[in-house]
Amino acid sequence: MTIEKLGGINPLNGLDNAKRPKNASGAPGNRDVINVSEEGLKKAEAYYLAEIASATSDVRAELVERIKEKIKDPGYISAAVIDSTASKIMDAYGL
């Protein structure tokens, strides 16, 4: 006994030609509206800022080169420079 292919039945046949309303109510000018909570807005902003931070280089090459040149000068590193640097580090950590 042989069963021949009868041809598939596609439930989507004919839907391409179906006429659909442009919007659900049929009235022009109706718009979809969403409300986002305050928490959602904060999380979206935090996500956006995290994406910017991850895309931004942490090292500024031109600044590193300037500092390397300054350090090569034997007269650059002095007690005043060490004190200033230490103060800035302490301020950054709130100490």
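The values are calculated or read from the model by the stated rules, or taken from the named source; none is laboratory data. All values reported here derive from a predicted model rather than from experimental measurement. Positions of Cβ are generated from backbone atoms using ideal geometry, with glycine treated the same way; all protein chains shown enter the neighbour counts.
For segment 61-77, taking the residues that are outside any helix (DSSP H, G or I) and exposed (fewer than 10 other Cβ atoms within 10 Å of the Cβ), the one that is modelled with the highest pLDDT is identified as 73.
In the set (1) at pLDDT below 90; (2) at negative phi, residue 94 fails one condition alone, (2).
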